[in-house]
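Bear in mind these aren't lab numbers, they're just calculated from the coordinates by the rules spelled out. This one's a predicted model, so the numbers in the text were calculated from it and none came from an experiment. Cβ placement follows ideal geometry from the backbone for every residue including glycine, while neighbour counts extend to all protein chains displayed.
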Amino acid sequence: MEKKHGRTIGERIRFLRERSEISQEELAKDLKVAGGSVVSMYETGKRHLPTDLVLAYSNRFDVTTDWIIKGDAS
């Protein structure tokens, strides 16, 4: 994946979710977070994405943590 999928962590995780065609509510259940509004806050940068959720996103969407954090595929 390339940086073109977002300049921020929130943009990249939103890209992953939308590419998989799942709602914020569905993802919240998968990741065991309070609800879709929490996912929305991560995607918009209103809430910091904790390290354990970076790992959960990485595993859920089969991407590297580097890609989520920096936009790098390496």
**OP:** Could you tell me which residue of the stretch 20-40 is surrounded by the most Cβ atoms within 10 Å (Cβ to Cβ), considering only residues that are within 11 Å of the chain's Cα centre (by Cα) and of a type outside the set (Gly, Ala, Ser)?
**Re:** Val39
Original post:
Do you know which residues across the stretch 11-43 are more than 12 Å from Tyr57 (Cα to Cα), among the hydroxyl-bearing types (Ser, Thr, Tyr) and part of a helix (DSSP H, G or I)?
Top reply: Ser37, Ser40
Subject >> Residue list for the stretch 23-45, filter: under 20 Å from Trp67 (Cα atoms) and not aromatic (Phe, Trp, Tyr) >> reply: Leu27, Leu31, Val39, Ser40, Met41, Glu43, Thr44, Gly45
Original post:
Which residues, taken from the stretch 44-74, are within 13 Å of Ile9 (Cβ to Cβ), part of a loop (DSSP other than H, G, I, E, B), of a type in the set (D, E, K, R) and without any contact (Cβ under 8 Å) to a residue 24 or more places away in the chain?
Top reply: Lys46, Arg47
Original post:
Of the numbered conditions (1) under 9 Å from the mean Cα position of the chain (by Cα); (2) loosely packed, with under 12 Cβ neighbours inside 10 Å, Ile13 satisfies every one except a single condition; which is it?
Top reply: (2)
